[in-house]
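Here the structure is laid out as structure tokens; the discussion comes afterwards.
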Amino acid sequence: MAQEVIVLIRDVTILGEGVGTHEGLTIFVDGALPGETVRARITLKKPSYAKGELLEILDQSFGRVKPICPVFGKCGGCQIMHLAYAEQLNLKRKRVIDAFERIGKLKGFTVAPVEPSPKPLYYRNKVQLPVDKNLKVGLYAKRSHDIVPIEICYIQSDAGNKILEDIELVDGIRNVLIRTNRKGESLVVLVTRERPTPEIRKLAKTVSLMNGVKGVLHGLNSRDDNVLYSDAYTLLFGDGVLEEEVLGIKVEISPASFFQVNLEQAESLYKKAAELADLKKGERALDAYCGIGIFCAYLSQQEVNVTGIEMVESAVIDAKKNAKANGVDVDFHLGKVEDLIGELDDFDVIFLNPPRKGCEESVLEASVRKNPKKIIYTSCDPATLARDLNFFASFGYSKVEAFPFDMFPQTMHVEVVVKIEKEISK
Ligand SMILES: C[S@@+](CC[C@H](N)C(=O)[O-])C[C@H]1O[C@@H](n2cnc3c(N)ncnc32)[C@H](O)[C@@H]1O
């Protein structure tokens, strides 16, 4: 193959690389968009694929726009900021349909248009940013753990960006976690390998005096890898939790527990999941993978009998507290869904909202055995979702209606809520 090729791009990968074919070989060209014809320099050639560097766009996509962020393309956070928002939504719907067809081998399913995010920018209520050797916060570069320094992140909240602008970091900080609520209040976690030094405590005090900061915590992360997660949190100043309201449910959020990052969009998604379930007063629902129990409390307010399962202990403690504070009664179980689901009674509707890797097969099997009227599956990965839908289809739950939501604008991620029912034979 020549060093330089001209290739028509037909698709985009999850990493944001354009995909085309040249002389029978698949070529990935970073930065190229579907519909574009580009000139690329081959940088890597393997028997089954090649990688190319974008040199020139010969025929430009009508959807191409100038990205607002100066580090777009270098930073690994966003993949498709160079594509107009309406086209991002079309691309995500195609991703879902492709996964259903290719991985799920599904037939006769429907996929609604992708619900746009109320905010295409500044939507994230949480950022976790590594710190470089010059004590600048940044984000990891594409496909590496090099840090790209940033002044502002265009997908995080204004309140979070204001803290980033004002904070002057000191030695020893590995990363900074900022969580904000809708009122613009924040929790800031300073993460280090060891116990906080006097210098870090001094910085924590300064941060605690910043506008809107409710609390400053220390996060301990002694691992040698690049994982940003902390093993233990200690409160240094102020409050250790943030108050938030989701669909009228009051919740307390602590730094460690799972909480949806695009809250306005999460509310639309929860509403859709409840609408699709269409539960009647007194019916029984299982919310597997329930996190801090927000959706459980929401269903429970509608006089549904709700059981929740969650494996993170602090999340279950928060969930119980949240249920009590909202005057609802939910039966929470601490443990893995795969270990507990079999012991529970039957349900009218089962809600599944697993992490990216999808459900264990034993969970799918147990769900089918309970013979629910419907399964409502919310997923953040169309590929594992499609795999699990294939399993359900083979057990008769083959009627699939999917509703994608754009929770993560400017990235290739897409969230999908799916109503799964038994096909009624005619
Ligand atoms: C995608 S989050 C969804 C949380 C919740 N449904 C919400 O909307 O806030 C997945 C949750 O499942 C929990 N989890 C992951 N694997 C689990 C398992 N095998 N059993 C029980 N919970 C699990 C995680 O701790 C996390 O809280």
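The values are calculated or read from the model by the stated rules, or taken from the named source; none is laboratory data. Remember, predicted model here, so these are calculated numbers, not experimental data. As a convention, Cβ positions derive from the backbone with ideal geometry for all residues, glycine included, and neighbour counts pool all protein chains shown. With ligands, DNA and RNA removed, areas are computed over all heavy atoms of the protein, side chains included. Shrake-Rupley method; radii C 1.70, N 1.55, O 1.52, S 1.80 Å.
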**Prompt:** When segment 410-426 is examined, which residues are found to be over 17 Å from LYS105 (Cα atoms) and buried (at least 22 other Cβ atoms within 10 Å of the Cβ)?
**Reply:** GLN410, VAL414, GLU415, VAL416, VAL417
**Prompt:** Of everything in segment 123-144 that's of a type in the set (A, V, I, L, M, F, W, C) and open to solvent by 30 Å² or more (accessible area, probe 1.4 Å), which residue is nearest to ALA159 (Cα to Cα)?
**Reply:** LEU139
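To keep it simple, each residue is scored yes or no on (1) outside the structural domain of TYR289 (by TED's automatic domain parsing); (2) surrounded by 21 or more Cβ atoms within 10 Å (Cβ to Cβ); (3) in a strand (DSSP E or B); (4) within 16 Å of the ligand (Cβ to nearest atom).
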| site | (1), (2), (3), (4) |
| --- | --- |
| GLY219 | yes, yes, yes, no |
| ASN226 | yes, no, no, no |
| THR234 | yes, no, yes, no |
| PHE237 | yes, no, yes, no |
**Prompt:** Taking segment 249-292 only, how many residues are modelled with pLDDT of 95 or more, open to solvent by less than 10 Å² (accessible area, probe 1.4 Å), small (Gly, Ala, Ser) and within 13 Å of the ligand (Cβ to nearest atom)?
**Reply:** 4
**Request:** For segment 391-409, state whether one or more residues are more than 24 Å from ARG284 (Cα to Cα) and surrounded by fewer than 20 Cβ atoms within 10 Å (Cβ to Cβ).
**Result:** yes
**Asked** Quick check: anything in segment 24-40 among the small types (Gly, Ala, Ser), out of contact with any helix residue (DSSP H, G or I) (no Cβ under 7 Å at 6 or more places or on another chain) and part of a strand (DSSP E or B)?
**Response** yes
**Prompt:** In the list GLY160, GLY77, GLY104, which residue meets the criterion of being in contact (Cβ under 8 Å) with a residue 60 or more places away in the chain, surrounded by 21 or more Cβ atoms within 10 Å (Cβ to Cβ) and closer than 26 Å to LEU190 by Cβ?
**Reply:** GLY77
**Asked** part of a helix (DSSP H, G or I) and away from the ligand (no atom under 11 Å from the Cβ): does that describe ASP388?
**Response** yes
